[in-house]
Protein chains: 2
Amino acid sequence: MSKGITSRKEDYSQWYNELVNKADLAEHSAVRGCMVIKPYGYAIWEKMQAALDQMFKDTGHSNAYFPLFIPKSFFSKEASHVEGFATECAVVTHYRLKNDGAGKIVVDEDAKLEEELIVRPTSETIIWNTYKGWIQSYRDLPILVNQWANVVRWEMRTRLFLRTAEFLWQEGHTAHATEEEAIKETEQMLDVYATFAEKWMALPVVRGRKTENERFAGALDTYCIEALMQDGKALQAGTSHFLGQNFAKAFDVKFTSKEGKLDYVWATSWGVSTRLMGALIMAHSDDAGLVLPPKLAPIQVVIVPIYKTEEESKQIGELVDKLTSELKQKGISVKYDDRDTQRPGFKFAEWELKGVPVRIALGARDLQNGTVELARRDTQTKETVSSEGLADRIENLLADIQQSIFEKALAYKNERIIEVNSYEEFKEVLAGEGGFISAHWDGTVETEKRVKEETKATIRCIPLNNKLEDGTCIFTGKPSKQRVLFAKAY
Amino acid sequence: MSKGITSRKEDYSQWYNELVNKADLAEHSAVRGCMVIKPYGYAIWEKMQAALDQMFKDTGHSNAYFPLFIPKSFFSKEASHVEGFATECAVVTHYRLKNDGAGKIVVDEDAKLEEELIVRPTSETIIWNTYKGWIQSYRDLPILVNQWANVVRWEMRTRLFLRTAEFLWQEGHTAHATEEEAIKETEQMLDVYATFAEKWMALPVVRGRKTENERFAGALDTYCIEALMQDGKALQAGTSHFLGQNFAKAFDVKFTSKEGKLDYVWATSWGVSTRLMGALIMAHSDDAGLVLPPKLAPIQVVIVPIYKTEEESKQIGELVDKLTSELKQKGISVKYDDRDTQRPGFKFAEWELKGVPVRIALGARDLQNGTVELARRDTQTKETVSSEGLADRIENLLADIQQSIFEKALAYKNERIIEVNSYEEFKEVLAGEGGFISAHWDGTVETEKRVKEETKATIRCIPLNNKLEDGTCIFTGKPSKQRVLFAKAY
């Protein structure tokens, strides 16, 4: 285990890259911008998926699957959607390769598609084209569907998990008979995301709405959850869009209401992606490696034996068997690291790097004393405890760690929501530790764009249940009714 | 519920198409060859995935994720792989669209890729290129990785689930230090597939090996499970490949053995796909609709109330609540179909079409008598039983149905393995009810190809543990050591 990753203070960005790599989470592939998610990283993503999927089902949604490809012409159908998505994406133009006779594989020019296909950057268009066939009357509504899929957006500057050309995500697409119901769904799913972030990822978030400028292409309203990373930059962790009747109009999806009236269907879409992996890593980890909330840790407890003789090894093994079966009964995942090719110190460092929440070390003296050494990853503290009632103690400890990690992140976030009343103060905070800057804004796209040009900070959101307060825009001095949250963002 | 699907006898192929459609399993999309898997169909696929995934994990595998795209040049690296896969596939040539100024979206010719990317038809090449970085020594082996993903093969004639341009699958890719271990893995995974097919899908299979001609492109040996559909055609339900050192050589993946010797790594790959959905549908269903094995049925029990008054409806509802909670405690999924927009007869037909294994009907007279009407989908029989101890009875009934469906399919398969000793007999069987034809074959690719040209039948497999028996090839009369199984196949 070669330790020594760059510290956060030294270079936060480099620290992140090294951590993702050394903790075996992901790596760059031979295809520009596309990542390989390694087994340990994927195991975390699977835990995220399972929790989210259950929450979607508990709120009445079903999964389905729609095509990877979208006919090019579909992108022209929803005007604002075109601008946002029909630009940087992978285009399939041919459907065959051939051997050129000299042993080289080339594209068969005879196999050109009549209409080019776009690898989906998001699926509103192909899905609403499908919904047209599913919806005739109010009896067919609502449609509450989610899809787990890969999508491609041709990003020029990529970072593992945070911004990749191909990424994994889920996209919910719902259809409703009324505007009210669609808005309720949009809000409900934002709430699902916020609950998941806080309860599972131990990641406190601000719930809010995007300004017009930051809205999803084709949405009337975009709700979001925003989290704060340890470098004071924000990260958008999930979005839920109220799409109005835009896509129904673009794809001519009408329904007959109970009253016999013909109307366009109301829509929502909502998604989170493997970006959440980036948020999880950056929010909690430290200079020794990953810190994982127990609920998402693929391995929750690791046991490292320390022995000199075969006899000691055997005795430790027996104790470990008993403990392991007790822990498994409680649904706690355990790994017994009995490799004889590595020394305990190496193992400690490896599991620390990989963020296993609880480590148990067990040696000959412990056997005699009826104790074990119990170390928690988040605080890097350890204590010697009785091996009696250990499974119960660990169960409580895991719950405690989950809570502690959340509270630490919450305290940091709350501390870093900074109210400023002038553009000078605004720039000072950005030049310093960063965070969410709560400031008055005149409500115009123009001001938002100019602030972004000058400082790289964007309006992350208008918090839900924001309190109204008269003030003046920090940039133009024009009147403002409420503060919004600015930040530099990933 | 518009019933009346074409009968199997009338037109098996049409029956299948209508069934897939009317039971809400899947439909064709706007993109040629790509399907939409609808929520009810996807729910079955999810159950398959969950069971298989657990079996993979129980045999030591982890999931990971590799890129959707593969650089074109990778396909030239493994000679025989090229022939099999670098032909009919989707080619990405550009990475940007643009607005042509006249409001039309066109491909931006300035954004042409230097090297074209292929949408993966299978991932051996990109994965072995990645494994090169993961493997140095025997300590890094074995690598036991699986991926759940979408793949694309540009099929000209497509049928929902059975043959589509894009399909969903899992592909396992393992790396080993020895040939023996890799072969053992290949065999183990075939066994996992066979167990899954028989225990979960209630689908009896023949375990066998492919002839050279039918082998996976790049494999030294391809093991397969073959199932028989009700029209006497075979369906390959899963394959497990021993790849030897072919891909390690193509991508230069070597390791240092325990003894300090440098050698190429040994490989396997294995996969099953949404094709299994086609097999499941075709193997068990009847002219009234889908017949699902209880273990894969999204809804295992449906309850239909029959009432005239509000009071009756209320009393039935109370009984249903109690029963539902008892069934749920047993892990049995239940749907209470209390829609007031449809009549009981309509509901019966709908759930029959959708293959729900057990239906309970509950009316006013049942309330008085303390009974319910219990109908099983597979035999289309019903009986009136006491509502006392109903949950236990249903649990047993579901197990019984699972077993019955399997035994029925098993009897059919065994009956349709026909030994023939002449080419005339061979053709007679094919012209009649079909099935697996057990016949002697001279072992040459030439003969196999000619039989296929003349009869469309292919060698499905050489069964594992085949008994050796001297005979003469039905086509050439040349000597043969064993019988192989021929069939027309999907």
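The values are calculated or read from the model by the stated rules, or taken from the named source; none is laboratory data. Please read these numbers as outputs of a predicted model, since none were measured by experiment. All Cβ positions, glycine included, derive from the backbone under ideal geometry; neighbour counts span all protein chains shown. With ligands, DNA and RNA removed, areas are computed over all heavy atoms of the protein, side chains included. Shrake-Rupley method; radii C 1.70, N 1.55, O 1.52, S 1.80 Å.
General observations
- Other copies of B:ASP340: label-to-label distances in nm, shortest first, labels 7 Å along the beta-carbon direction: 7.4
- Protein accessible area in the protein assembly as shown, 1.4 Å probe - carbon and sulfur %: 46
- Delta accessible area of at least 30 Å² on complex formation, residues of segment B:1-47, 1.4 Å probe, chain isolated as reference: B:GLU27, B:ALA30, B:VAL31, B:VAL36, B:ILE37, B:PRO39, B:TYR42, B:GLU46
- Computed from backbone phi with θ = phi - 60° and the Karplus coefficients 6.51, -1.76 and 1.60, the 3J(HN,Hα) list for segment B:263-277 is 8, 6, 7, 9, 10, 9, 8, 7, x, 9, 9, 4, 3, 4, 4 Hz; x is used for glycine and proline.
- Distances between every pair of Cα atoms in segment B:143-268, grouped in 10 Å steps from 0 to the bin holding the largest one, split as 12, 35, 36, 13, 4, 0 percent.
- Each part gets one Cα centre, and for segment B:436-468 versus segment B:17-60 those centres are 32 Å apart.
- Once each of the GluC sites (Glu not before Pro) sitting in a DSSP loop with at most 14 other beta-carbon atoms within 10 Å is removed, chain B keeps B:110-258 as its longest stretch.
- Extents of the protein assembly as shown, largest first, come to 94, 80, 68 Å (Cα atoms, principal axes, whole angstrom).
- The overall shape of segment B:12-284 is oblate: from the C-alpha gyration tensor, with semi-axes ordered a ≥ b ≥ c, the ratio a/c is 1.5 or greater and a/b is no larger than b/c.
- In a DSSP loop and with at most 12 other Cβ atoms within 10 Å, the trypsin sites (Lys or Arg not before Pro) in segment B:409-490 are B:LYS456, B:LYS467.
- With the label put 7 angstrom out from Cα along the Cα-to-Cβ vector, B:LEU464 ends up 5.3 nm from the copy partners, going from closest to farthest.
- Dimensions of segment A:417-487 along the principal axes, based on C-alpha atoms and rounded to the nearest Å, stand at 28, 23, 18, largest first.
- Between the alpha-carbon centres of segment B:326-405 and segment B:77-150 there is a gap of 49 Å.
- Over 28 Å apart at the Cα level, from the set A:LYS38/A:LYS104; B:LYS38/B:LYS328; A:LYS295/A:LYS449; B:LYS22/B:LYS408, are A:LYS38/A:LYS104; A:LYS295/A:LYS449.
- Only helices enter the 222 nm calculation for chain A: every DSSP H run of n ≥ 4 contributes -39,500 (n - 2.57), and dividing by all residues gives -11000 deg cm²/dmol, rounded to 500.
- Dipole of segment B:417-487, positive direction: furthest Cα of B:GLY477, B:GLY435, B:PRO463, with charges on the beta-carbon: B:PRO463
- Each principal axis of the Cα cloud of chain A was taken in turn, and the coordinate range along them, longest first, works out to 80, 70, 55 Å.
- Residues along segment A:51-92 losing 50 Å² or more of accessible surface when the other protein chains are present rather than the chain by itself (probe 1.4 Å): A:ASN63, A:TYR65, A:PRO67, A:LEU68, A:PHE69, A:LYS72, A:VAL91
- Those lysines that a straight Cα-Cα span of less than 17 Å connects to B:LYS322, excepting residues fewer than 8 apart in one chain: B:LYS314, B:LYS330, B:LYS335
- Summed buried accessible surface, chains B and A, 1.4 Å probe, nearest 100 Å²: 5100
- Annotation: per residue accessible area for the protein assembly as shown equals 41 Å², rounded to a whole number [probe 1.4 Å, protein chains only].
- D by Stokes-Einstein for segment A:301-397, Kirkwood Rh over Cα pairs, 10 °C, 1.306 mPa s: 118 µm²/s.
- Ascending list, in nanometres, of distances separating the A:SER257 label from those of the other copies (7 Å, Cα toward Cβ): 7.8
- 1.4 Å probe, heavy atoms, protein only - residues of segment B:102-119 losing at least 40 Å² accessible area vs chain alone: B:ILE105, B:VAL107
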